[in-house]
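Below is one structure, written out as structure tokens; comments come after it.
Just so it is clear, none of the values below were taken in a lab; they were calculated from the coordinates. Predicted, not measured: the structure shown is a model, and the values here were computed from it. Counting neighbours? That spans all protein chains shown, and the Cβs are built from the backbone with ideal geometry, glycine included.
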Amino acid sequence: MPDTARLEAGQPAPDFTLLDQDGTPVTLSGLRGHKVILYFYPEADTPGCTTEACDFRDNLASLQGAGYTVYGVSRDALPKLQKFAAGHGLSFPLLSDPDRAVHELYAAWGEKSMYGKTVTGVIRSTFVIDEEGTIALPLYNVKATGHVVALKKKLGLAS
């Protein structure tokens, strides 16, 4: 990626404050003491993003049981996030990053290959952040389908 180096395990997770779909501010440093799964997706209500969000929804109980809190991040405006969450019964916060500042902090914006062409856009990425605010597991270029099952295996959680 030309501008931002990818985050690596052991690095401090960049702090941010974003609004969730209900307009409530969420600050990463305010989540210290909790394990966080932060996933970046291109756009609400598109096929791949819906599949990924519903997989997180369907696995939320086991992730929460293991102490994880899940947050989805996209560039979508709050009304679109509200509709997405309500339409698919998503019971975890969706965060709005319309100016993509947080995407850039996490190197989740940049060049990627799409249908054989190089384009600039959201790089589907997931970050597991430990209780101290450190990146425990950075995952870039994840696939929407099967990602949550693969993530749970990496975290040592039974599927």
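Listed values, structure above:
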| read-out | value |
| --- | --- |
| The range 3-51 shape via C-alpha gyration tensor axes, a/c threshold 1.5 | oblate |
| FRET efficiency, 1/(1 + (r/R0)^6) with R0 25 Å, evaluated for residue 155 and residue 51 via beta carbons | 0.80 |
| Inter-label distance, nm, simple model (7 Å from Cα along the C-beta direction), residue 64/residue 91 | 0.5 nm |
| Residues residue 24 and residue 137, FRET efficiency given R0 of 35 Å [Cβ-Cβ distance, rounded to 0.05] | 0.85 |
| Space enclosed by the convex hull of the alpha-carbon atoms of the chain, per residue, Å³ | 105 Å³ |
| Integer Hz, Karplus 6.51/-1.76/1.60 couplings in order for the range 38-46, x for Gly and Pro | 10, 10, 9, 9, x, 7, 4, 6, 9 |
| Estimated 222 nm signal from helices in the chain, with DSSP H stretches of n ≥ 4 weighted -39500 (n - 2.57), rounded to 500 | -8000 deg cm²/dmol |
| Prolate/oblate/rounded label for the range 20-105 (Cα gyration tensor, a/c 1.5) | oblate |
| Whole-number percent relative contact order across the range 17-154, with pairs defined as alpha carbons under 8 Å at least 6 apart | 31 percent |
| Fewest-first ranking of 100, 124, using other Cβ atoms within 10 Å as the exposure measure | 100, 124 |
